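For reference, the structure is listed below as structure tokens.
Values quoted throughout were computed directly from the atomic coordinates according to the rules given, and no laboratory measurement underlies them. Not measured: the values here are computed from a predicted model. Neighbour counts are summed over all protein chains in view; Cβ atoms, including those assigned to glycine, are modelled from backbone coordinates with ideal geometry.
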Amino acid sequence: MMVAKRVRSVVPSKIRELFEKASKMEDVISLGIGEPDFDTPQFIKDAAVRALKSGETKYTSNLGILKLREAVSEKYKKEYGLEIDTNEILMTIGAYEAVYLAFQALIDEGDEVIVPDPAFPCYINDAAMIGAKSVRVPIKEENEFRLIPEDVNEKITRKTKMLITCYPNNPTGGVLKKEDYKGISEICEDSNIILLSDDIYEKIVYDYKPQCFKKYYDKTIITNSFSKTYAMTGWRVGFAVAEREYITPMLRIHQYVAACLNAPAQEAACEALRSDQRCVERMVNEYRKRRDYVVKRLNDMGLKTILPKGTFYCYPNIKSTGMSSSQLS
């Protein structure tokens, strides 16, 4: 079988492998994939139904429907004081596509991309597909899984093109301090590299107010989605926010990869942003209860686990078991 060289460098996802195994087993609670177990709030589903019934089923603008991009712009103005033009927002098929487009549009073969370790697997594989090198920066338990600016600085070379961050962090649940945001931004500016901030867990936080890298550094690409915040993983609604010099080449690829996001899902996402956010608060409150219970139980079992300040993950230290993560899974 003739397989393209770029595909041979892509490693199959262990997360998906475990997900498929668990789906075929009886009486198993699958913890193999990052998905809310809540249903999408009814008012969001109702908006999609209204769109279907009113004939909103055609192609949309490649960027996405204007009122949704306006709602995204309003969100960043309200929450972070940022002025985002609607032409600096690209609606994508989940945050997955937004990250993929950034790599395809802005990274060349031989470039280096700095990635926290551990990290979501798509960053490593998106780099591999275009022949770029992933340079890993360990995020450590003793630092509560923060990405330390000095550690980033040590990894920068003349080939470095981009830094990836994901905070609140998947898979550790760690968060950054304000000085981390500032320090990392200053390093990126001094080195003239792109900062891609994957912010899909920004609303799932506990006694913590997230910052936004774009407040500190213009060459930031925000990738985000509705999947985790609104329990909309299957809807596949995401977006990228960046200056036009980045959005324009990303859009050029998006036109031929996806053309546009499906119209009813965009209408539903607009309703999600512009309606009462108590549904998000209720889900986060439930996650908090589960977090407290799980972390206590793991620590009682002798598996040291730091209390996460974000996401719906925890990251136990399993060294005492003598097993690797794959063996334990």
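The GluC sites (Glu not before Pro) of segment 4-37 that DSSP puts in a loop, and whose beta carbon has at most 11 other beta carbons within 10 Å, are GLU26. Under the combined filter of DSSP loop state and at most 12 neighbouring Cβ atoms within 10 Å, segment 183-292 retains none of its trypsin sites (Lys or Arg not before Pro). The local environment of SER54, defined by Cβ-Cβ distances under 13 Å, has a net charge of 0 under the rule Lys, Arg +1 and Asp, Glu -1.
Applying the criteria of a DSSP loop state and at most 16 other Cβ atoms within 10 Å to the trypsin sites (Lys or Arg not before Pro) of segment 47-117 yields LYS58.
With R₀ fixed at 51 Å, the C-beta to C-beta distance from GLN327 to ASP218 puts the FRET efficiency at about 0.70.
Near ALA258, within a Cβ-to-Cβ distance under 13 Å, what is the net charge of the other residues, with Lys and Arg +1 and Asp and Glu -1? Spelling it out: positives minus negatives among the neighbours equals +1. Secondary-structure-derived ellipticity at 222 nm for the chain, considering helices only, amounts to -12500 deg cm²/dmol, per-run term -39500 (n - 2.57) for DSSP H runs with n ≥ 4. Listed by chain and number, the lysines whose alpha-carbon sits under 20 Å from that of LYS289, ignoring those within fewer than 8 places in the same chain, are LYS203, LYS209, LYS228, LYS304, LYS309. Count Lys and Arg as plus one, Asp and Glu as minus one, and take only other residues whose Cβ is under 15 Å from that of ALA242; the net charge is then -2.
Computed from point charges on the beta carbon alone (+1 for Lys and Arg, -1 for Asp and Glu), the dipole magnitude for the chain about its Cα centre is near 480 Debye. Pairs with C-alpha atoms separated by more than 29 Å, drawn from the list LYS14/LYS133; LYS177/LYS219; LYS58/LYS78; LYS78/LYS177, are LYS58/LYS78.
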